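**Q** Take a look at the following structure, please.
Values quoted throughout were computed directly from the atomic coordinates according to the rules given, and no laboratory measurement underlies them. Predicted model only: the values in this text are computed from it and were never measured. Here the Cβ positions follow ideal geometry from the backbone for every residue, glycine too, while neighbour counts run over all protein chains shown.
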Amino acid sequence: MALPVRARGAANPAAHEIYAVVRAIPRGKVATYGQVAELAGLPSGHRAVARAMRTCPARLPWQRVVGRKDARRAQISIQEHEHAALQRSLLEREGVSFDDAGFIVLARSGWLPQ
DNA sequence: CAGGTGACTCTTT
DNA sequence: GAAAGAGCCACCT
């Protein structure tokens, strides 16, 4: 089973670290692209993280990776409306709350890695 | 090989 | 406080 997805973006070794970090995000919490990149050892690899997510990862809680709006909030960065709606739906189901403007309050749902 | 693009983010106007 | 510019990395044409 589980033929590893040979996503084009997963060809780089860093992708392995990125996936490990994403899998470490606890249920009900979210992390930003920059945060994942930093934890994966790529302090400026936010683009690489976005690429890794976009390449349709396997068994990855991709919905927990969101775009950073500002220091306090994050927002879904997916452009495709349907996928964005799915992500929000999945996050709400996990217990992540959105404010009236559709933002995720990091102080409340942001992941605070040890 | 070079130019363009994007599920990003920070700094400056 | 919003908008624009610059930096960044990997992939595609």
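**Q** I need A:Leu39, A:Leu91 ordered by Cβ neighbour count within 10 Å, fewest first. Don't jump to the answer; show the numbers that get you there.
**A** On the way: A:Leu39 20, A:Leu91 23.
Going from sparsest to densest Cβ surroundings: A:Leu39, A:Leu91.
**Q** Taking H as built 1.01 Å from N, whose amide H comes closer than 5 Å to the amide H of A:Gly110, not counting residues under 5 places away?
**A** A:Val30
**Q** What residues qualify as long-range amide H neighbours of A:Lys69, i.e. H under 5 Å apart, gap of 5 or more or another chain, H built at 1.01 Å from N?
**A** HN-HN under 5 Å from A:Lys69: A:Ala74, A:Gln75.
**Q** Let me ask something else about it. I'd like the Kirkwood hydrodynamic radius of the range A:29-91, using the inverse of the mean 1/r over distinct C-alpha pairs, in Å.
**A** Evaluated on the range A:29-91, it is 11.9 Å.
**Q** Quick check: the angle from helix A:14-24's long axis to the longest principal axis of chain A, C-alpha only, nearest 10 degrees?
**A** 40 degrees
**Q** Right, something else. What residue among A:Trp62, A:Ala14, A:Pro43 has its Cα farthest toward the positive end of the dipole of chain A, where the charges are +1 on Lys, Arg and -1 on Asp, Glu, each on the Cβ?
**A** It is A:Ala14, whose Cα lies furthest towards the positive end.
**Q** About the Cα centre of chain A, how large is the charge dipole given +1 on each Lys and Arg Cβ and -1 on each Asp and Glu Cβ? Please answer in debye to the nearest 20.
**A** Using Cβ point charges on Lys, Arg, Asp and Glu, chain A gives about 200 debye.
**Q** While we're here: Give me the extension gain from A:Ala14 to A:Ala107: residue separation times 0.36 nm, minus the current Cα-Cα distance, reported in nm with one decimal.
**A** Contour length minus the Cα-Cα distance gives 30.6 nm.
**Q** Could you give the longest part of chain A that holds none of the trypsin sites (Lys or Arg not before Pro) found in DSSP loops with at most 13 neighbouring Cβ atoms within 10 Å?
**A** Working: sites that count: A:Arg6, A:Arg27, A:Arg59, A:Arg72.
It works out to A:73-114.
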